[in-house]
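The values are calculated or read from the model by the stated rules, or taken from the named source; none is laboratory data. Being a predicted model, the structure only gives us computed values, none of them experimental. Here the Cβ positions follow ideal geometry from the backbone for every residue, glycine too, while neighbour counts run over all protein chains shown.
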Amino acid sequence: MQRNIEVGEVIRRVFRIYVDQAPVLMPAAAVVFVFAGIVSDLLQAGGSGLALLALLVRIVATTLFTGMIVELVADVRDGKRDATAGQLVRAVMPVLGQLIIVGFVAGIGIVLGFVLIIVPGLVLLTIWSVAAPVVVLERPPGLGALGRSRELVRGNGWQVFGVIVALTILVAIVVFALDAAAVSVSSGVGLAVGVVVGVLTAPISSLAQAVLYFDLREVSAAPGPAIQTPGAGPTPPQSNPFGGD
């Protein structure tokens, strides 16, 4: 019988890794998310019609960054804690193109889901939440990472959704408080603080995806292919990710 992950334990582990690995996470996050933030802001400034495209850019950036820190989380789990920024980049290079494609396709699906009825977007956000780690460590062909992510989440959908919601609320509260304090000083300070806050909070979502991936592999009734070996298993069954088998 498949076990369930613990929402509180996942969140505690995310922040523990965040604090311990900040010297590695922050430079990598600055490179990825400052660039993505600039592109996203330019798109939003171009009109409301480009807001969805701006969201898509951020989703792709998060997917790429998640791929970068999978090795870091794996090292932490093994007790090594010796990953460098260079290692993170090298880990993602062999699957860079596939990460971009998977992030782009997942982003389009999630954005369309939110536009249509909101609920489909939340469902897709949940069942595809560990697609990036799957790309890096299992390397299924094509878009197989999306199906494999759904397979891993199946039976733990509500727990995964709970992690996403809890972290989103926590980050939103911190961002709102810091932005409000900075803007009250001056608009220039507010802009600078906004960039810094963005870099500081961006890794949290990616860390959550990586931690969830390893936890879901441990409790999954169908562990799938060995980590870091190319190849793909059979097409995963399309059962309800929020229910049982």
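Quick look at the numbers
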{"quantity": "Failed item, numbered, when R3 is tested on (1) surrounded by 13 or more Cβ atoms within 10 Å (Cβ to Cβ); (2) touching a residue at least 24 places away in the same chain (Cβ under 8 Å)", "calculated": "(1)"}
{"quantity": "Failed condition for G147, given (1) closer than 20 Å to A61 by Cα; (2) in a helix (DSSP H, G or I); (3) not hydrophobic (A, V, I, L, M, F, W, C)", "calculated": "(1)"}
{"quantity": "Hits in region 186-213 - residues which are more than 13 Å from the chain's Cα centre (by Cα) and modelled with pLDDT of 60 or more", "calculated": "A192, V193, G194, V195, V196, V197, G198, V199, L200"}
{"quantity": "Among residues of region 123-144, those that are over 19 Å from A74 (Cα atoms), in a helix (DSSP H, G or I) and within 14 Å of the chain's Cα centre (by Cα), counted", "calculated": "4"}
{"quantity": "Matching residues in region 115-167 - criterion: being surrounded by 21 or more Cβ atoms within 10 Å (Cβ to Cβ) and at positive phi", "calculated": "G155"}
{"quantity": "Residue check for A74: in a helix (DSSP H, G or I) and either within 22 Å of V160 (Cα to Cα) or touching a residue at least 12 places away in the same chain (Cβ under 8 Å) (or both)", "calculated": "yes"}
{"quantity": "Residue check for V183: in a helix (DSSP H, G or I), within 26 Å of P27 (Cβ to Cβ) and either at pLDDT below 90 or not charged (D, E, K, R) (or both)", "calculated": "no"}
{"quantity": "Residue among F33, F65 that is buried (at least 21 other Cβ atoms within 10 Å of the Cβ) and within 18 Å of A91 (Cα to Cα)", "calculated": "F65"}
